[in-house]
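What follows is a set of notes on a single structure, which appears directly below.
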Amino acid sequence: MKIISVNTQFYLLLILAGVAMCIGMQVAPLHLEEPRRALVAMEMLYSGEWIHTTIHGAPYYNKPPLFNWVLAGGYSLFGIQEWVSRAVTVCSHLLIALQLFVLTRKHVHERAALIAAGFYLVGGDILFYFSYVGEIDIFFSLLVVTGWFAFFAAWQRQRYALAYNALYGFMFLAFITKGLPGIVFLAFSLGIWLWYTHR
């Protein structure tokens with residue numbers, strides 16, 4: 001006997017996961033790549049230079065600027081705080097789970113959607129590490145996944161131009177977030193998709 005609907009179960013899980021990731025978000029100081037991302041974003045705010053990124057005034061071109069723009073926007077709205085850096089990752093993680101649930105529910109089955117999204121939300125290294133550090137990877141993953149989900153949704157409706165435009169648009173955003181990996185993801189994934197659909 002089902003007491004609450006699958007939709008309600010998923011949204012409760014999403015809320016609980018969000019709360020779990022937000023507890024103590026600003027207790028630990030920034031570490032690993034977090035300080036570098038934060039410093040680049042802060043220098044954008046202080047200098048007003050949004051294209052030519054710097055660290056301590058020296059040029060920094062290891063990563064394209066989109067993630068830094070997002071952080072700088074968060075800092076300008078909420079102040080320069082550790083939790084702002086990490087909130088981008090938490091929101092990205094929750095949005096991926098939401099998209100996974102919605103798409104799987106529509107095209108497979110609602111129980112499968114709950115299980116898939118639930119496993120994604122509580123996956124070990126994502127839940128306990130990647131989902132709460134203010135690094136670029138989960139945000140980059142959100143852009144890649146959103147591009148492919150938008151592509152698939154448009155393809156299912158036989159709107160092929162929209163499918164490719166959405167995919168290329170999100171892969172462009174992924175490219176200006178992390179550089180060449182966005183192109184590699186696009187090339188391999190699109191090649192496999194075209195092989196699968198035309199075999």
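Couple of notes before you dig in:
- All positions within the range 32-55 that are assigned to a loop (DSSP other than H, G, I, E, B) and without any contact (Cβ under 8 Å) to a residue 12 or more places away in the chain: Gly48, Glu49, His52
- Residue within the range 134-151 that is modelled with pLDDT under 90 and either surrounded by fewer than 16 Cβ atoms within 10 Å (Cβ to Cβ) or of a type in the set (S, T, N, Q) (or both) present: no
Let's see how each residue does on (1) within 22 Å of the chain's Cα centre (by Cα); (2) open to solvent by less than 40 Å² (accessible area, probe 1.4 Å); (3) at pLDDT below 85; (4) more than 20 Å from Phe140 (Cα to Cα):
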residue	(1), (2), (3), (4)
Ser5	no, no, no, yes
Gln26	yes, no, yes, yes
Glu33	yes, no, yes, no
Trp50	yes, no, no, no
Thr54	no, yes, no, yes
Val70	yes, no, no, no
Tyr75	yes, yes, no, no
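- Condition met for Val102 (in a helix (DSSP H, G or I), at pLDDT 90 or above and β-branched (Val, Ile, Thr)): yes
- When residues in the range 160-179 are screened for being more than 17 Å from the chain's Cα centre (by Cα) and either under 11 Å from Val144 (Cα atoms) or open to solvent by 50 Å² or more (accessible area, probe 1.4 Å) (or both), 5 of them pass.
- Every residue from the range 52-96 that is in contact with a strand residue (DSSP E or B) (Cβ under 9 Å, 6 or more places away or on another chain) and closer than 14 Å to Pro35 by Cβ: Tyr60
- A single member of Ala41, Ala97 is modelled with pLDDT of 85 or more, in contact with a helix residue (DSSP H, G or I) (Cβ under 7 Å, 6 or more places away or on another chain) and over 24 Å from Gly123 (Cα atoms), and it is Ala41.
- The lone exception for Leu12 - which of (1) among the aliphatic types (A, V, I, L, M); (2) part of a helix (DSSP H, G or I); (3) surrounded by 14 or more Cβ atoms within 10 Å (Cβ to Cβ) it fails: (3)
The values are calculated or read from the model by the stated rules, or taken from the named source; none is laboratory data. Bear in mind the structure is a predicted one, so any value in this text is a computation, not a measurement. Reconstructed Cβ throughout: ideal geometry from the backbone, glycine too, with neighbour counts over all protein chains shown. Accessible surface is based on the protein model in full, side chains and every heavy atom, while ligands, DNA and RNA are left aside. Shrake-Rupley method; radii C 1.70, N 1.55, O 1.52, S 1.80 Å.
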